Amino acid sequence: MNRRYRPAPICQENSPQTQFDQLKKYRIAVQMSSSIPTVLLNTGVQMPLLGFGTYKLCGPEEVYLAVDAALAAGYRAFDSAAVYRNEADLGRALRELLPKHGLTREDVFITSKLGPKDQGDKAMDGALHSLSQLDLGYIDLYLIHWPGTQGLAVGDNRNPGHRAQSWATLEELHSQGKLKAVGVSNYMPAHMRELMQSCKIPPAILQVEFHPRLCQAELRSVCEEYGVCFQAYSSIGKGELVTDPVVMEVAKSCGRTPAQVLLRWAVQQGVPVLPKSSHPERIQENAKLFDFTLSDADMDRLSALDCGHRYCWDPSEVA
């Protein structure tokens, strides 16, 4: 039986070109190189399918304790941003904790993002500031956080020019090896097509809000067309989706928590996720996604919740 939610193919050890050919055919490939699978980016680099989100983690102690718990639970990817104001705390925590866990810098995948205030001619300063704050030698993945510019109206026709200038800066830093991969966040289909028409280096990632109530079919199709990895944030809808009756029923039937079901719904489609928490027990719980599968019927029930509802920012009106 040909199932719509079949697992992504395992990526064998072979050349980057062969791996990228697989990527174009299947959109993503998964490799069980550790307890957490990885997705193959269009750069030929493997990124963990499960990452640790750091939004709203603040202060050296809270970040340190959360990162310590995440590393212990098996997380190897960490997602930050200039606007989170925790890049320095994350970098410091990793420098101190990696040796404790028997890991090196090369064992972790670090993402950060250019803030809206640094779009355009401030992009170089913004990106270099992120590099300095993290102080980890390089950033594995750096994203333009938002398609608009702070201080400009969403419909301002200067936004496209600022985006293009920011992207050119990211391309320059990528060529210098300071940013190993570059991508975007909160881009809509029109923003993606605009970027693909002008970029020298295609984005490796599009990171957007994604959960059963916001399935983003058109955006996923655009990403598949261009070989861009589609990544999810806000997978549990700011906590509201865990009390949805359908989610709760599916969770009860498979003996898992609602949060695990929501995260599994995404990763079972090959979509990387970034759950966040400061509680060690929740951090561990969110990592236990790869020892069970949801039935096609349950996947269908969850996907049927799609109603285009956003819990986060709406970038659809940004020019």
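Laboratory data are not the source of any read-out in this text; all were calculated from the coordinates shown. In this text the structure is predicted, and so the values were computed from the model without any measurement. Note that we place each Cβ from the backbone using ideal geometry, even for glycine, and neighbour counts take in every protein chain shown.
Quick notes on this structure:
- Positive-end ranking of 228, 90, 265 along the dipole of the stretch 44-302, with charges on Cβ about the Cα centre, is headed by 90.
- Beta bridges per DSSP with both ends in the chain, % antiparallel, nearest 5: 20 percent
- If the chain linking residue 313 and residue 72 were pulled fully straight, counting 0.36 nm for each residue of separation and taking away their Cα-Cα distance, it would gain 83.6 nm.
- Farthest toward positive dipole pole in the chain [+1 Lys/Arg, -1 Asp/Glu at C-beta], among 165, 305, 54: 305
- For the chain, the longest site-free run once GluC sites (Glu not before Pro) in DSSP loop states with at most 15 other Cβ atoms within 10 Å are removed: 14-239
- In summary, the helical segments of the chain meeting the span-like criteria, namely a full DSSP H run, a Cα extent along the axis of 18 angstrom or more and a mean Kyte-Doolittle hydropathy of at least -1.0, are 60-73, 87-100.
- With θ taken as phi - 60° and the Karplus curve 6.51 cos²θ - 1.76 cosθ + 1.60 applied, the whole-hertz 3J(HN,Hα) list for the stretch 233-241 is 10, 6, 5, 10, x, 6, x, 6, 5 Hz, x standing for glycine and proline.
- Ranked by the mean number of other Cβ atoms within 10 Å of their residues, highest first, the peptides 291-301, 40-50 come out as 40-50, 291-301.
- Pairs from the table (56/180; 113/180; 178/200) lying more than 20 angstrom apart at Cα are 56/180.
- Multiplying the residue separation of residue 253 and residue 107 by 0.36 nm and removing their Cα-Cα distance gives an extension gain of 49.0 nm.
- Taking trypsin sites (Lys or Arg not before Pro) across the stretch 155-255, the ones in a DSSP loop with at most 13 further Cβ atoms lying within 10 angstrom of their Cβ are 200.
- Gyration tensor (Cα) of the stretch 44-302, equivalent ellipsoid semi-axes in angstrom: 29, 24, 16
- Cβ charges +1 (Lys, Arg) and -1 (Asp, Glu), total dipole of the chain, debye: 320 debye
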